[in-house]
Amino acid sequence: MKVAMIGWEYPPFKAGGLATHCYGLTRSLADKNAKVFFFMPKTKHKPSSDKKNLKIIEVGESEIFPYDRPDSKEIEGQFFEAVYKYNALVAAKINISVKNDGKFDVVHCHDWLTMKAGIAVKEETGTPLVLTIHSTEYDRSGWLYPNQWFIDIEKEGMEKADKIIAVSNFTKNVIVDKYGISPDKISVVHNAVHPIPEGQKQEIVLFLGRLTIQKGAEFFLQAANKVLDYEPNTRFVVAGDGDMLPRLIHQSIDMGISDRVIFTGRLTEDEVKHIYGISSVYVMPSVSEPFGITALEAISAGTPTIASKTAGFSEAFKNCLRVDFWDTDEMANKIISLLRYDPLHRTLSSEGRKEIDIFTWDRVADKTLDVYNGVM
Amino acid sequence: MTSICMYFEVHQPMRLNHFSVFNIGDHNDPKTSYFDEKLNREIFEKVARKCYLPTNNLLLELIRKHDGEFRVSFSLTGTFVEYCERYMPEVLDSFKELFKTGSVDMIEETYYHSLSALYDDMDEFEDQVKMHNQMIRRVFNYRPRVFRNTEAIFDNRIAKKVADMGYKGIITEGTDKILNRRSPNYLYRPVNADIKVLLRNYTLSDDVGFRFSAKQWPGYPLTADKYAQWMSHCEGDLVNLFMDYETFGEHHWEDTGIFTFLEHLPSEVFKQNYLDFVTVSEAVERYVPVGEIDAPWAISWADEDRDVSTWLGNDMQHSCFNELKEIGRKLRGDGHKDLLHTWRLLQTSDHLYYCSTKGMEDGAVHAYFSHYDDPYEGFINFMNILQDFKQKIN
C-alpha cells in the first residue's frame, strides 16, 4: 500500500486537531506497513520522521494556515492565490514522484486546503481520492456567515472524492445535508488521542482552543461569572489565540472578573500538556464541534470535561458531562458540582481515563486502511 | 408435583426535578420542589395504560377461566400505591378486584423500596416495613406472610431481622453465590434464622423478563407451550418466576406477543402433568427446606453481578448513600413528619441506581430505566437536592 497524503501542518507545529490527526495516523499507518508520503508546506519548524515507511516531503512555502479566513489582515487579497499556488505546487511534486517512482494506490487529503491538489492528482493519474473532513466551513463560521468560496471548494472535493472519511456522525450529517453527498460514500472514523500525564490538580477551570466564534469562549466567560458568585476562589484559564481575544478580554473586564481569568495566549506543546494536567475541569463550549480532540486530551490527563452536547467525540464517549453551549446556567451548575463534589470528580476522572484507552491511532489506522482498500 | 410460583414486582419511584446548585438554599421559591410531578404523572399514566390495567384485566380473566387454579403474587410498593391513589384510583381498584378472587397473594417489602436494610442499625428498615404492612392492611385488609426486600437484596442479617419480625418466608435470587451448584427449585433455610427462603429461578425468569423479545436468542420466539415444557422438565418442588410487572406491555410491548404468551401460559401449564400454580404463602406452607444457605455478603437480583454494586458500586453512590444515612441520624425522632416523608422518598433505591456507571450490557439496561442522560447528571441532581435538604433540617 502506497499512500500520498497531503497535509498542512504536522508537529512540532500545530494550529489544531488536523496536525494531531495527521501525526497519529501517518505513524500508525507506517507501523502497519503502509508506505506513506506526507506532503506539506515548508516551515521553519522542520518536522521529521523516524520511521522507515514514512517520508515527510516539504513543498514550497505557504503563508496561510488551515484556520485562516480571507479577511485576515496579514494576507488580505493574496489569500485565494496563495491557496491555489500551494495546491498547484503539491500536485506538480506528486506527479513528478509518480513519474520517477510509480503510481500511488491512493491519494488522501484533509479538509479544504489541499483538496484542489488531490483533485488534480486524481485527474492526472487516475489515483483514487480519499478525503477526510475534520471540519466544514459551517463549523468554522459557527453557522453564522459561512463563506461560499470555501463551501464551493469543499463541495467540489467531496463530489470528486471516491470516499469520504468524516470524524463523526455529526459531520457526516452535515456533509449529507449541506453538501448533498450520498451517505453511502461516507465512513465515520472517530479520532484518537495520545494520552497526557495527570499533574497536581489545582482549582483551575480550563478553556483551550482557538479564540474564534466556533469555539464559544464567550460562553465560558459567562459561566465563569456565575461560578464566581458561589465559588469565589476558582481560577479560570483561557488558553489559545484568535481573532476574538481582545473582545474576550473586554468581556472579562466588563463582568468584573478579570482578576480571576488568565489569558495565556498561544501555548507550546509542553505548556499545553502541563495545563491539561493541573486543571480540575475542562470546558469545551463549542458552537460547532465536528470531533473535539482536545476533550479527549483533557480526559486522558484525568481532567473531567464538560462539552457541548453536539460535539462529535461525545457520540462515542460516555464519561463526560454535556451541556448546550448557550446554557451557561447549566454549565456553571456542572462546573460548581465538579469543584464541590469530590466523588463526582474522582469517578469522572477514573472512568474517563479507562474509556480513553479505546481511542487509539492504531484503531484509526485500521479503519482508514479499510477505506483505502475499498477504493483500490 | 412441581409448583410454579409467579411473583410480580410493582414499583414506581418519585423521580426528581432538575435541581441545580443555584437552587440550594432557595427555600422561598415554591418551584424548587424535589419531585417532578409532571414527569412522574406522565410515566405512571403511560405505564398504567400499557401494562397495569391490561395485564390486571388479563390475569382476572385467566383466574376466572381456570377456576382459581391459576395463582399469582404481587409486591406493591408504597410509592406505587400513592401514585394510584393520587392519579388513577382505578388501577388500585383492579388490584383489589384481583385480590378478592382468593388466587392472589400480597408480599411485604419496605414502603419506599429503599436500601434501609443496609443501614448500620435496622430501625429505619423496621419502620418502613411496618408502614408497608399498615398500607397493605388498609387497602387489602390482609397481613402478608412472605417478605421480599428491595431488589431481592438479602444477607444473613436481613434474614434474621425479617424472621424476628414474624414472617414465614423471604424471597431472594437463586444465585450460585449462595447455592454452590444446588438447585434453586427448592426452599432453603438461612444458617442463622428460622424462615423459609424462596429462590428466583433466574434462567426461566429472565427468559421472559429479559429475553422474550430478543430475536438473536436461540429460544426466540418464546411460546407458552414451549415454556410450559421447559418447566415440566425442571426437577424440584418449586419453580420461582419472579419479575418486574412492567415486563408485560412496557419492557416488552404488546406487539412482541407478550400478552398472547401470558394468556396461553396457564392452559399450557395445566396440559403438563405434575405442574400447578401456587402463591408465595402456599409455597412456604406446602414445602420444606432441603438445605441451608449462607449469605454473609448481600446478594440481589440485579445485573450480572447479583450483588449491591448496582446501587453502591462507585464513589458517587457511596457519598449519596452516606448523606442519606447522615440526614437520617439527625431527622429520626425529630418528629418532623413532612420532612421524614421527603427523606424517605429520597431513599428509594432508584435514585442511586441512576448514578451507576456500570458498563457493557448492564449499562444499556440502566440507561433504559433512567430519565437522566448519564449517571453524572443523576448524581449532580440528587446530590444538590440532598445538600438542600440538609440545610432544611439544620
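The values are calculated or read from the model by the stated rules, or taken from the named source; none is laboratory data. What you see is a predicted model, and the numbers here were worked out from it, not measured in a lab. Cβ sites come from the backbone with ideal geometry, for glycine too, and all protein chains shown count toward neighbours. Ligands, DNA and RNA are excluded from the accessible area calculation, which covers all protein heavy atoms including side chains. Shrake-Rupley method; radii C 1.70, N 1.55, O 1.52, S 1.80 Å.
Pop a pseudo-label 7 angstrom from the Cα along the beta-carbon direction at both A:Ala92 and A:Phe80 and give the gap in nm to one decimal.
2.2 nm
Of chain A, which part is the longest with no GluC sites (Glu not before Pro) in a loop (DSSP not H, G, I, E, B) and with at most 16 other C-beta atoms within 10 angstrom?
My reading of the result: A:204-376 is the longest stretch.
On the principal axes of its Cα set, how long, how wide and how thick is the stretch B:309-393? Give whole Å, largest value first.
44, 20, 16
Find me the longest stretch of chain B that has none of the exposed chymotrypsin sites (Phe, Trp or Tyr not before Pro), where exposed means in a DSSP loop (not H, G, I, E or B) with at most 14 other Cβ atoms within 10 Å.
Looking at chain B, B:1-141 is the longest stretch - no exposed chymotrypsin sites (Phe, Trp or Tyr not before Pro) with at most 14 other Cβ atoms within 10 Å.
From a point 7 Å beyond the Cα of B:Arg137 in the direction of its Cβ, which residues of the stretch B:59-78 have a backbone N at a distance under 17 Å?
What the label zone holds, given the 17 Å backbone N cut-off, is B:78.
Can you tell me the Rg and the Dmax, both Å, for the Cα atoms in the stretch A:309-376?
16.8, 55
On a straight-distance basis, which lysines could pair with B:Lys271 in a cross-link, Cα separation under 19 angstrom, same-chain partners fewer than 8 positions away excluded?
Filter leaves B:Lys65, B:Lys226.
Could you give P(r) for the protein assembly as shown, binned at 20 Å from zero, as whole percent values over all Cα-Cα pairs?
15, 38, 29, 17, 2
For chain A, what is the relative contact order in percent, using Cα pairs closer than 8 Å and at least 6 residues apart in sequence?
Computed over chain A, the figure is 15 percent.
Suppose R0 equals 35 Å; then what is the FRET efficiency for B:Leu58 and B:Asp305 from their Cβ-Cβ distance, rounded to the nearest 0.05?
For B:Leu58 and B:Asp305, the calculated efficiency is 0.55.
Taking only Cα atoms and a 10 Å spring cutoff, compute GNM fluctuations for chain B and point out the largest among B:Gly257, B:Gly102, B:Gly169.
Between B:Gly257, B:Gly102, B:Gly169, it is B:Gly102 that shows the largest mean-square fluctuation.
Of the trypsin sites (Lys or Arg not before Pro) in the stretch B:179-250, which ones lie in a loop per DSSP and count no more than 12 other C-beta atoms within 10 Å?
Here the trypsin sites (Lys or Arg not before Pro) that fit, given the DSSP loop and packing criteria, are B:Arg181, B:Lys215.
Write down the accessible area per residue of the protein assembly as shown in Å², having rolled a 1.4 Å probe over the full set of protein chains.
40 Å²
Give me the tail of P(r) for chain B as a percent: Cα-Cα pairs with distance above 32 Å.
Considering chain B, 32 percent of its Cα-Cα pairs are separated by more than 32 Å.
If you stretched the chain out fully between A:Asn169 and A:Trp326, how much longer would it get, using 0.36 nm times the residue separation minus the C-alpha to C-alpha distance?
Taking 0.36 nm per residue and subtracting the Cα distance, the gain is 54.3 nm.
If the elastic network links every pair of Cα atoms under 10 Å, which of A:Gln200, A:Gln214, A:Gln222 fluctuates the most in the Gaussian network model of chain A?
It is A:Gln200.
So if R0 is 51 Å, what FRET efficiency would B:Arg182 and B:Leu39 give, r being the distance between their Cβ atoms, rounded to the nearest 0.05?
0.70
Express the C-alpha Rg of chain A as a ratio against the empirical globular expectation 2.2 N^0.38 Å, rounded to two decimals.
Compared with the compact-globule rule of thumb, chain A sits at 0.99.
Would you please give the FRET efficiency between B:His233 and B:Lys65, computed as 1/(1 + (r/R0)^6) with r the Cβ-Cβ distance and R0 = 35 Å, to the nearest 0.05?
After rounding to 0.05, the efficiency reads 0.85.
Residues in the stretch B:125-141 near a label at B:Arg332, defined as backbone nitrogen under 18 Å from the 7 Å Cα→Cβ point?
What the label zone holds, given the 18 Å backbone N cut-off, is B:125-133.
Given a cut-off of under 8 Å on Cα pairs at least six residues apart, what relative contact order in percent is computed for the stretch B:120-260?
Taking the mean separation of contacting Cα pairs over the length of the stretch B:120-260, I get 18 percent.
I need the Kirkwood Rh of the stretch A:204-356: take the reciprocal of the average 1/r across all distinct C-alpha pairs and report it in angstrom.
15.1 Å
In the stretch B:1-110, which trypsin sites (Lys or Arg not before Pro) are in a loop and have at most 12 other Cβ atoms within 10 Å, using DSSP for the loop call?
B:Lys31
Mean separation of Cα pairs under 8 Å and 6+ residues apart, divided by the residue count of chain B: what relative contact order is that in percent?
23 percent
Just list whichever of B:Lys96/B:Lys130; A:Lys116/A:Lys155; A:Lys14/A:Lys155; A:Lys318/B:Lys177; A:Lys215/A:Lys334; A:Lys163/A:Lys215 have alpha carbons separated by over 22 Å in the model shown.
Correct reply: A:Lys14/A:Lys155; A:Lys318/B:Lys177; A:Lys163/A:Lys215.
Loop only by DSSP, 15 or fewer other Cβ within 10 Å of the Cβ. Give me the GluC sites (Glu not before Pro) in the stretch B:142-237 that pass, ordered by residue number.
B:Glu235
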